[in-house]
Amino acid sequence: MNKIHKGELERKAVHYCSSLIPLLYFLFFSRRTGLIVVGLLTLGILIAEILRMAIPSCNRLYIKIFGNMLRPYEKTNHLTGASYVFIGSMIVIFFFPKEIAVISLLFLTVGDPTAALVGMAFGKIRLIQKKTLAGALAFIIAGLLATFWIPGVPFWIKGVGALVTCFVELIRWKFDDNITIPLIGSFVMKMLMS
């Protein structure tokens, strides 16, 4: 087993905690309330990001608190992955039925970090760049385990959604995968449900 850097473990813990977005939305909020809550949180995070990028002392404080978890490019004039999680959540909650949005967001918040951790720790067979077969399989299994209980979407559609979002995670996109995973996953599952 390979050792995983503490900052990477902390980053993945935050990723898992972002599962609260789809879970709270599914269990307690209507689409309208979910959009308001996630919209306000997204606005707050984006304001904090703008302040951080515009005011050097804010950026220094931010890096002091969260620097261990940040990618090198996130320490300058670039949005962090957390901002993209909220933006991606807003998009899929707005455009897709609740069950589909929640499933694709759980693929992101459970499947994606699980793939990274398993791939870093156990991955031997490389698929694309640093992505491994072990990580890809972990993505699919974790995504299906996190979503099997959600009614209204047949398991085979969830399976296709997990495969597609795993493939999306493997590819290098111009857009952050915190947007592409839920957006493309939701789109494919919605098409299959039609």
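The values are calculated or read from the model by the stated rules, or taken from the named source; none is laboratory data. Note that the structure is a prediction, hence the values are computed from the model and not measured. We place every Cβ from the backbone using ideal geometry, glycine too, and count neighbours over all the protein chains shown.
Pairs are defined by a Cβ separation below 8 Å, a sequence spacing of at least 6 or placement on different chains, a first member in the stretch 164-189 that is charged (D, E, K, R), and a second member that is surrounded by fewer than 20 Cβ atoms within 10 Å (Cβ to Cβ) and assigned to a loop (DSSP other than H, G, I, E, B); the pairs so defined are Arg172/Gln129; Asp176/Leu79. Does Gly185 satisfy the condition of being more than 14 Å from the chain's Cα centre (by Cα) and either β-branched (Val, Ile, Thr) or modelled with pLDDT of 95 or more (or both)? Spelling it out, it is not the case that Gly185 is more than 14 Å from the chain's Cα centre (by Cα) and either β-branched (Val, Ile, Thr) or modelled with pLDDT of 95 or more (or both). From the residues in the stretch 92-111 that are touching a Lys or Arg at 6+ places or on another chain (Cβ under 9 Å) and not aromatic (Phe, Trp, Tyr), which one is farthest from Arg31 (Cα to Cα)? The residue in question is Ile103.
Name every residue in the stretch 75-92 that is within 12 Å of Asn178 (Cβ to Cβ) and in a helix (DSSP H, G or I), in order of residue number.
Here is the first cut: in the stretch 75-92, the residues within 12 Å of Asn178 (Cβ to Cβ) are 79-92.
Correct list: Gly81, Ala82, Ser83, Tyr84, Val85, Phe86, Ile87, Gly88, Ser89, Met90, Ile91, Val92.
Taking the conditions exactly as written (surrounded by fewer than 16 Cβ atoms within 10 Å (Cβ to Cβ), closer than 17 Å to Ile179 by Cα, of a type in the set (Gly, Ala, Ser) and at pLDDT 95 or above), does Gly39 satisfy them or not? Please lay out each step first, then the result.
Numbers: surrounded by fewer than 16 Cβ atoms within 10 Å (Cβ to Cβ): yes; closer than 17 Å to Ile179 by Cα: yes; of a type in the set (Gly, Ala, Ser): yes; at pLDDT 95 or above: yes.
Criteria met by Gly39.
The single residue among Met53, Met69 that is under 19 Å from Asp176 (Cα atoms) and surrounded by 19 or more Cβ atoms within 10 Å (Cβ to Cβ) turns out to be Met69.
Yes/no per residue for (1) of a type in the set (Val, Ile, Thr); (2) touching a Cys at 6+ places or on another chain (Cβ under 6 Å); (3) farther than 24 Å from Arg11 by Cβ:
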position: Phe28; (1), (2), (3): no, no, yes
position: Arg32; (1), (2), (3): no, no, yes
position: Ile47; (1), (2), (3): yes, no, no
position: Ile50; (1), (2), (3): yes, no, no
position: Ile65; (1), (2), (3): yes, no, no
position: Asn68; (1), (2), (3): no, no, no
position: Arg71; (1), (2), (3): no, no, no
position: Thr80; (1), (2), (3): yes, no, no
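For Leu27, the conditions (1) without any contact (Cβ under 8 Å) to a residue 60 or more places away in the chain; (2) within 15 Å of the chain's Cα centre (by Cα) all hold with the exception of (2).
Does the stretch 30-46 contain any residue that is among the small types (Gly, Ala, Ser), in contact with a helix residue (DSSP H, G or I) (Cβ under 9 Å, 6 or more places away or on another chain) and more than 30 Å from Ala101 (Cα to Cα)? Taking every residue of the stretch 30-46 in turn, none turns out to be among the small types (Gly, Ala, Ser), in contact with a helix residue (DSSP H, G or I) (Cβ under 9 Å, 6 or more places away or on another chain) and more than 30 Å from Ala101 (Cα to Cα).
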